[in-house]
Amino acid sequence: ALSRWRALARQLLSRTAQPSARHLLRADDVPSVVVSSTAPIDMQMDGEYLGTRTALTFGCRPGALEVVAPRE
């Protein structure tokens, strides 16, 4: 089950990759995404334990992240 979560995270964070498995779905420009599981799964985010969950909601805040990077 953990490998599916990793695959989902990789798909959500990638701008160019397309889903290559039947169980993956990609949707851009949505206000939020809900990821659910039939069985409870121990979850963590940024190293913080979130507890056992059957669903997580990921939201989008447009303009919330400012990126500063060197010019190539």
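The values are calculated or read from the model by the stated rules, or taken from the named source; none is laboratory data. Remember, predicted model here, so these are calculated numbers, not experimental data. With ideal geometry, Cβ positions are generated from the backbone for all residues, glycine too; neighbour counts draw on all protein chains shown.
Below are the figures for this structure:
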item	result
Selected residue (criterion: farthest from Val33 (Cα to Cα)) from residues of segment 47-72 that are in contact with a Ser or Thr (Cβ under 7 Å, 6 or more places away or on another chain) and among the polar types (S, T, N, Q)	Thr54
Residues that are at pLDDT 70 or above and either touching a Lys or Arg at 6+ places or on another chain (Cβ under 6 Å) or farther than 19 Å from Arg61 by Cα (or both), drawn from segment 11-42	Ser36, Ser37, Thr38, Ala39, Pro40, Ile41, Asp42
Residues of segment 1-10 satisfying the condition of being aliphatic (A, V, I, L, M) and at pLDDT 75 or above	none
